[in-house]
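Values in this text are rule-based calculations from the coordinates and carry no lab data. Fair warning: this is a prediction, and the values are worked out from it, not measured in the lab. Cβ sites come from the backbone with ideal geometry, for glycine too, and all protein chains shown count toward neighbours.
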Amino acid sequence: MSGTARIGIIGTTARWLAPLLIETTATRHPLVRVEVHDATTASLLLKLDTGAIDFAVLTTPTNDPGVVSTSLFTEDRILATPVGHPLFGRDRITLADLNGVNLIVEPPGRPFRDQLDALFAERGYVLAVKAEVDGTRLMASLAFEGFGAAILPASAVSTRSDLGWHTAPVEGLPGRAVGLATRRQALLSAPARVVADVLRDVVAAQGDRRPGIHPAIASATPSG
């Protein structure tokens, strides 16, 4: 088999998944070329709609009736803190620890931000916002540069302690669900189908080797 598969992947996931996907595909299907598009979930949905990509790895649920998705993995929410922050070095973070602490968070209207607002309100806690940023990688960069603490999905940051920041899981927060999405009415090409199969195998075999990543145990039923 030969041909090209055009794959969209959210940037934080692409950091670890794209190299494994490309290498494994090259081994199993040397004549199939993988073209990776790095973008946000919103941008990937637009690319799916226009046919610019065959399928996408993105945050789910999409709430898009024209898209069908299957679960790949969930990942923990972590707190990234720069050196000198009061919570730096903590191995365990609770919502109570974050009460009144200035945080870098997503803007209102994003699904996770809405969940965060609701959880803090239920407990009578104050969600103190230092900055609202629409972009996970920029949030991670700001934390890395010492601007402040950020709540991020686990794959957004390196856990290396020599990089000048510390990460710890936040208890009580919903994880981020990531899935494989296609257009509901579209039929995948043969190259795209085999690459999708490789991708699922890579996540199942390698996902749990990444801190905070929890692969789906069994094949998920399409949803959306």
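Any chance you could give the angle, 0 to 90 degrees and rounded to 10, that helix 41-50 forms with the longest Cα principal axis of the chain?
Relative to the chain, helix 41-50 is tipped by roughly 20 degrees.
Roughly what angle does helix 111-123 make with the longest principal axis of the chain, taking Cα atoms, 0 to 90 degrees, to the nearest 10?
Tilt of helix 111-123: around 30 degrees.
Leu127: net charge of surrounding residues, Cβ under 10 Å, Lys/Arg +1, Asp/Glu -1, itself excluded? Each step should come with its number before you reach the end.
On the way: positive: Arg113; negative: Asp117.
That works out to 0.
Under a plain spin-label model, where a point goes 7 Å from the Cα along Cα-to-Cβ, how far apart in nm are Lys130 and Leu87?
Label-label distance for Lys130 and Leu87, simple model: 1.0 nm.
With +1 assigned to the C-beta of every Lys and Arg and -1 to the C-beta of every Asp and Glu, and no other charges, what is the dipole magnitude of the range 21-116 about the Cα centre in debye, to the nearest 20?
Numbers: 8 positive and 12 negative charges, 26 e Å.
Charge dipole, the range 21-116, about its Cα centre: 120 debye, nearest 20.
From largest to smallest, what semi-axes in whole angstrom does the range 9-89 give when each is the square root of 5 times an eigenvalue of its alpha carbon gyration tensor?
Numbers: eigenvalues 163, 77, 25 Å².
Each semi-axis is √(5λ); the values are 29, 20, 11 Å.
To the nearest 10 degrees, how steeply does helix 11-28 sit against the main Cα axis of the chain, on a 0 to 90 scale?
In the chain, helix 11-28 runs at an angle near 30 degrees to the longest axis.
Hey, any idea what Rg/Rh is for the range 77-169, computing Rh the Kirkwood way over Cα pairs?
On the way: Rg = 12.2 Å, Rh = 13.1 Å.
Radius of gyration over Kirkwood radius for the range 77-169 works out to 0.93.
Suppose a student asked you for the relative contact order of the range 6-139, using Cα pairs under 8 Å spaced at least 6 residues apart; what percent would you report? Don't skip to the end; give the middle numbers.
On the way: 128 pairs, mean separation 29.1, N = 134.
So the answer I get is 22 percent.
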